[in-house]
Amino acid sequence: PEGDPARRPSLAGGPGAPPSSGLMGKAGKAAAAGAAAKEGGAASKGPPSSGKENKAPEASAAKTKTKAKAGKEAQAAKAQEDPSSPTGLLARFRPTPRPIFFLAFALWCAAVLALYEPCDVKGKKRDCGYSGITPGNCLTVACFMKGGGGPMKKTVKVSRSDGSTLGLTLTEEGSGLVVKEVLEGAVSQHNAKLAADAEDYIAPGDKVVKLAGSTSIGSIKKAMADTSEKTVELEVQRSRLPRLLQWVQNPKGKPNMVEKLLTSPGSVYFGKVWFFNAKMAFACWLVSGYSLASLPMYFSLSAAVAWQLARCCHDENVGGGVPHCYRGKREPMQDVFQKVWSQIKDFGTKVQSDPRAYFEGLFVPGKR
């Protein structure tokens, strides 16, 4: 009967209802199972892994380094753009390596070696060797060994007004008196009329061996105090070496081998020619953009040109009284420059006027 509570269907699935008759039974079990599964999944995952925690500081440090690097690059770019910055000024002249400047200098050295003939001596030939010298020695080392020696002597006449002193401060060194300082006086006025490298220029380091006819230390000092003579004659002795190299000379007076080598006319001319070309070489290197490691190549080319112009010449087919080994022209490098440049211009004009005829004359037999 409907009134019997035991036979009524239970919506809640209570104990009075049969297992299949509860409408909410399956839904409740499904919900409970889902909740249990979620709890189990959460439990299985556990706390966040420690690997991710360790990677976080590393990523932050990497970002910091990247930012710092980008900042440095930006500062460098700004410095290069800023004309007042030394880095920017250097980058303007040497932005990237450019081999054209080394090629131009190398071609110039090759032109000097090919077009200039240092052995084409007009007039009397000056001996550059010794009896029995071989052609090999003549063409290589003879120019650096001939004519070198010890200190040179020079007689200088100094004019002065009445009552004026020479203005020299002398100090005793060894067996003579050496100029320590040139003060205001007749010698300073004498030097003012001359170039600093003139032979009559009296400079500190010159040894006074004779003054107004006096040769001893005592008599020279006495002559220094005399102000009556209007013209004073001094004989000075000076080293042929530059001041930075005077330590190699023999203090006893007889020149050693190194002193002869450094003071020979060939060595002196070699140094002048090398210095002239080295200045051009340095300018080409500066604008080429290459590192310092390339600079020795420029200086080596300069040395090759200097040796070619300074070396002695050899000729077997000479008459009696004419040296087989003789000195070359040894002209100033400015004159060499002008002569070589003039030949280059003449060559260009000749080729430009009729290039076909010129090259046919070089390569086609019978066209010369």
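The values are calculated or read from the model by the stated rules, or taken from the named source; none is laboratory data. Predicted model only: the values in this text are computed from it and were never measured. Counting neighbours? That spans all protein chains shown, and the Cβs are built from the backbone with ideal geometry, glycine included. Surface accessibility is based on the protein's heavy atoms, side chains included, excluding ligands, DNA and RNA. Shrake-Rupley method; radii C 1.70, N 1.55, O 1.52, S 1.80 Å.
Working only within segment 306-349, note down all residues that are charged (D, E, K, R) and open to solvent by 40 Å² or more (accessible area, probe 1.4 Å).
D315, E316, R327, K329, D335, K339, K345, D346 - these are the residues of segment 306-349 that are charged (D, E, K, R) and open to solvent by 40 Å² or more (accessible area, probe 1.4 Å).
Here are some residues: A303, A212. Which one is open to solvent by less than 60 Å² (accessible area, probe 1.4 Å) and free of Cβ contacts under 8 Å to residues at least 24 places away in the same chain?
Values: A303 fails: free of Cβ contacts under 8 Å to residues at least 24 places away in the same chain.
The unique qualifying residue is A212.
Here's the yes/no breakdown for (1) modelled with pLDDT under 95; (2) small (G, A, S); (3) part of a helix (DSSP H, G or I):
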{"residue": "A283", "(1), (2), (3)": "yes, yes, yes"}
{"residue": "V287", "(1), (2), (3)": "yes, no, yes"}
{"residue": "S294", "(1), (2), (3)": "yes, yes, yes"}
{"residue": "S300", "(1), (2), (3)": "no, yes, yes"}
{"residue": "Q308", "(1), (2), (3)": "yes, no, yes"}
{"residue": "V318", "(1), (2), (3)": "yes, no, no"}
{"residue": "G321", "(1), (2), (3)": "yes, yes, no"}
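Kindly establish whether D162 is assigned to a loop (DSSP other than H, G, I, E, B), closer than 26 Å to V248 by Cβ, modelled with pLDDT under 85 and open to solvent by 50 Å² or more (accessible area, probe 1.4 Å). Spell out the reasoning first.
Details: assigned to a loop (DSSP other than H, G, I, E, B): yes; closer than 26 Å to V248 by Cβ: no; modelled with pLDDT under 85: yes; open to solvent by 50 Å² or more (accessible area, probe 1.4 Å): yes.
Judged against the criteria, D162 is not a match.
Could you check segment 165-185 and list, in sequence order, the residues that are among the β-branched types (V, I, T), open to solvent by 10 Å² or more (accessible area, probe 1.4 Å) and either closer than 15 Å to G218 by Cα or touching a strand residue (DSSP E or B) at 6+ places or on another chain (Cβ under 8 Å) (or both)?
At the first step, the residues of segment 165-185 found to be among the β-branched types (V, I, T) are 165, 169, 171, 178-179, 182.
After this cut, where a residue has to be open to solvent by 10 Å² or more (accessible area, probe 1.4 Å) as well, the list is 165, 169, 171, 178, 182.
Once the filter is applied, which keeps residues that are among the β-branched types (V, I, T), open to solvent by 10 Å² or more (accessible area, probe 1.4 Å) and either closer than 15 Å to G218 by Cα or touching a strand residue (DSSP E or B) at 6+ places or on another chain (Cβ under 8 Å) (or both), segment 165-185 yields T169, T171, V178, V182.
Just for segment 203-254: of the residues that are in a strand (DSSP E or B) and of a type in the set (A, V, I, L, M, F, W, C), which one is nearest to R160 (Cα to Cα)? Break it down stepwise before answering.
Step one: of segment 203-254, the residues in a strand (DSSP E or B) are 207-211, 214, 231-238.
Subsequent filtering for residues that are of a type in the set (A, V, I, L, M, F, W, C) retains 208-209, 211, 232, 234, 236.
Values: V208: 18, V209: 20, L211: 14, V232: 8, L234: 13, V236: 18 Å.
Within segment 203-254, the match that is nearest to R160 (Cα to Cα) is V232.
Is there any pair linking a residue in segment 270-296 that is on the phi > 0 side of the Ramachandran plot to one that is in a helix (DSSP H, G or I) and open to solvent by 30 Å² or more (accessible area, probe 1.4 Å), with Cβ under 9 Å and at least six apart or on different chains, and which?
Within 9 Å, the pairs are G289/F93; G289/F101.
For the list (1) under 30 Å from S294 (Cβ atoms); (2) exposed (fewer than 15 other Cβ atoms within 10 Å of the Cβ); (3) at pLDDT below 65, I need the number of the one condition that R98 fails.
Of (1) under 30 Å from S294 (Cβ atoms); (2) exposed (fewer than 15 other Cβ atoms within 10 Å of the Cβ); (3) at pLDDT below 65, only one is false for R98: (3).
Of everything in segment 132-149, what is under 12 Å from H314 (Cα atoms) and open to solvent by 20 Å² or more (accessible area, probe 1.4 Å)? Give them in sequence order.
Step one: filter segment 132-149 for residues under 12 Å from H314 (Cα atoms), giving 133-140, 142-143.
Correct list: I133, T134, P135, G136, N137, L139, T140.
Among the residues of segment 223-247, what is the count of those that are exposed (fewer than 13 other Cβ atoms within 10 Å of the Cβ) and modelled with pLDDT of 75 or more? Spell out how you get there, then give the answer.
Of segment 223-247, the ones exposed (fewer than 13 other Cβ atoms within 10 Å of the Cβ) are 225, 228, 230-231, 242-244, 247.
The next check asks that each one be modelled with pLDDT of 75 or more; those that pass are 225, 228, 230-231, 244, 247.
Residues in segment 223-247 being exposed (fewer than 13 other Cβ atoms within 10 Å of the Cβ) and modelled with pLDDT of 75 or more: 6 in total.
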